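The block underneath contains the structure these notes are about, expressed in structure tokens.
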Amino acid sequence: SSRAVLLSAMLPRTTLLNALRNHLEPGVTGPKLVCDVGTCGACTVLLDGKPAYSCLVLAVDATSKKITTVEGLGSPEKPNAVQAAFVEHDALMCGFCTPGFVTTISAYLKKNPNPSLEEVREACKGNFCRCGTYPRVFEAALAAAKASSSSSSQV
């Protein structure tokens, strides 16, 4: 794909986050550059379905992997269960950390579709929210799990 060619043509030290935000057309804006050392989770993307800090991954190392950003999980017109629950439960304040949390939680709920509050907290431990909306983030995650399990049981 053109993305693979572009990523492999980058300088070897270009991070996946930099490539996604600054070198793709159109640029991706969900993952954010905050700490640049893999401690905040704002740049979280899914690599082959697993959360990864895109500020720590070199673009050339991601060329053979499926890359999913928050934009690939849903859209404003058709949000995934986690995105919808974040809106419904007001799980964002400034919104800067929201894409990282949504991406992390979306991946976690595929692995564990019926988590406890403690399991959700553990899954989110690599994401940092400066506004302190953790209780609502966790409520939204549990609501998304419940919504996903009830919609899949109706199929």
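Would you mind checking the pairs LYS66/LYS146; LYS78/LYS125; LYS78/LYS110; LYS65/LYS146 and listing those with alpha carbons more than 24 angstrom apart? Mind showing how you got there, number by number?
Working: LYS66/LYS146 27 Å; LYS78/LYS125 28 Å; LYS78/LYS110 18 Å; LYS65/LYS146 30 Å.
Result: LYS66/LYS146; LYS78/LYS125; LYS65/LYS146 exceed 24 Å.
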Legend entry - Most to least accessible of PHE128, PHE138, PHE101 (protein chains only, probe 1.4 Å): PHE128, PHE138, PHE101
Legend entry - Residues with amide H under 5 Å from that of LEU58, placed H, sequence gap 5 or more: LEU16
Inset, instruction - First measure r as the distance between the Cβ atoms of ARG130 and LYS66, then evaluate 1/(1 + (r/R0)^6) with R0 = 30 Å and state the FRET efficiency to the nearest 0.05. - result: 0.50
Inset, instruction - Kindly report, to the nearest 10 Å², the accessible surface of LYS32 as traced by a 1.4 Å probe over protein heavy atoms only. - result: 40 Å²
Inset, instruction - May I ask for log10 I(q)/I(0) of the stretch 86-137 at q = 0.16 Å⁻¹, from a Debye sum over the Cα atoms as equal point scatterers with solvent left out? - result: -0.42
Inset, instruction - Go through LEU33, LEU58, LEU17 and list them by solvent-accessible area, largest first, probe radius 1.4 Å. - result: LEU33, LEU58, LEU17
Inset, instruction - Work out from phi, with θ = phi - 60° and the Karplus expression 6.51 cos²θ - 1.76 cosθ + 1.60, the ³J(HN,Hα) of each residue of the stretch 72-78, listed in order in whole Hz, and give x for Gly and Pro. - result: x, 8, x, 9, x, 6, 9
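The values are calculated or read from the model by the stated rules, or taken from the named source; none is laboratory data. Note that the coordinates shown come from a computational prediction; the quantities given were computed from them, not determined experimentally. Note: ideal-geometry Cβ built from the backbone for every residue, glycine included; neighbour counts use all protein chains shown. The area values use the complete protein model at the heavy-atom level, side chains included, leaving out ligands, DNA and RNA. Shrake-Rupley method; radii C 1.70, N 1.55, O 1.52, S 1.80 Å.
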